[in-house]
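To start, the structure under review is shown below, and the notes come after it.
The values are calculated or read from the model by the stated rules, or taken from the named source; none is laboratory data. Keep in mind the model is a prediction, meaning the values are calculated, not measured. A quick note on method: Cβ atoms are made from the backbone with ideal geometry, for glycine too, and the neighbour counts reach across all protein chains shown. Quick note on the areas: whole protein, heavy atoms, side chains included, nothing else; ligands and nucleic acids left out. Shrake-Rupley method; radii C 1.70, N 1.55, O 1.52, S 1.80 Å.
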Amino acid sequence: MDNNDHHLQSYQSESDKNSCKGTRRRGKVLEDAILEAAWKELCDVGYNHLTIEGVAARAKTNKAVVYRRWANKPALILSVLRKFVLPLYPKEVPNTGDLRNDVFFFLHGIAKPLQIIGAETIHRLMVDLGKDKLFSIPQIMNLKKEDKLTAAMITILKNAEMRGEVKLEKISLRIISLPLDLLRYELLTTHEPVSDKIIHEIVDDIFMPLIRHNQ
């Protein structure tokens with residue numbers, strides 16, 4: 001994988017301690033064992049070299065069992081990311097008392113799991129899923145509606161309005177969604193994780209000046 005291997009490794013599950021070796025696994029127990037195996041394969045060999053056969057061997061099952069549950073590698077890896085990475089996304093909207101910091105920490109909270117996934121996996125998933133799925137990884141991983149992210153930005157701005165920092169009615173929806181759009185642009189057009197430097201540029205060089213201009 002890319003330079004994010006050590007991040008991936010740090011989030012590996014401990015389920016090996018509860019191995020079902022010697023028993024016939026069914027249902028969720030079997031599915032969890034396959035997902036665990038796929039996660040470890042992703043960590044060890046990377047998306048490009050991961051195979052269904054390799055996952056099946058690590059899970060001590062056969063590839064037909066895997067294919068009965070997931071039609072192909074991208075579908076399997078999406079399930080892996082939902083199980084191991086999606087829970088890392090921020091569940092609360094930052095409210096630090098400062099608009100600039102709130103937006104920065106919000107974008108950082110979105111970008112950090114993407115860094116854990118790694119650029120290789122993100123881009124290969126986008127290619128394998130096809131052009132109709134070229135959205136942000138959070139959306140691909142079933143954050144239901146991309147509007148949830150925009151709604152979080154609106155909440156951040158409403159909190160700022162209550163503190164007297166902004167007048168929300170003067171800020172267009174295009175500006176509100178701009179930080180997310182720029183984050184998505186970085187994801188779609190580069191082969192590097194979104195760094196804190198890039199987030200600083202999005203917030204300090206683009207978003208905050210626009211907010212001030214529209215007050």
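A simple count of charges around residue 28, restricted to other residues whose Cβ falls under 15 Å of its Cβ and scoring Lys, Arg +1 and Asp, Glu -1, yields +4. At 1.306 mPa s and 10 °C, plugging the Kirkwood radius over alpha-carbon pairs of the range 47-110 into Stokes-Einstein gives what diffusion coefficient in µm²/s? Reported coefficient: 111 µm²/s. Neighbours of residue 93 by Cβ distance under 10 Å: Lys/Arg scored +1, Asp/Glu scored -1, total 0. Under a plain spin-label model, where a point goes 7 Å from the Cα along Cα-to-Cβ, how far apart in nm are residue 53 and residue 172? My value for the distance between the label points is 5.5 nm. Distance between the 7 Å Cα→Cβ label points at residue 26 and residue 72: 3.2 nm.
Give, as a single signed number, the net charge of other residues whose beta carbon lies under 12 Å from the beta carbon of residue 50, with Lys and Arg counted +1 and Asp and Glu -1. It would help to have the intermediate numbers written out before the result.
Values: positive: 40, 58, 73, 124; negative: 41, 44, 53, 120, 128.
That sum, taken over residues with Cβ under 12 Å, equals -1.
Its Cα centre serving as origin, the range 160-215 has a Cβ charge dipole (Lys and Arg +1, Asp and Glu -1) of approximately 280 debye. For residue 108, the accessible area of its heavy atoms, probed at 1.4 Å with every protein chain present, is near 50 square angstrom.
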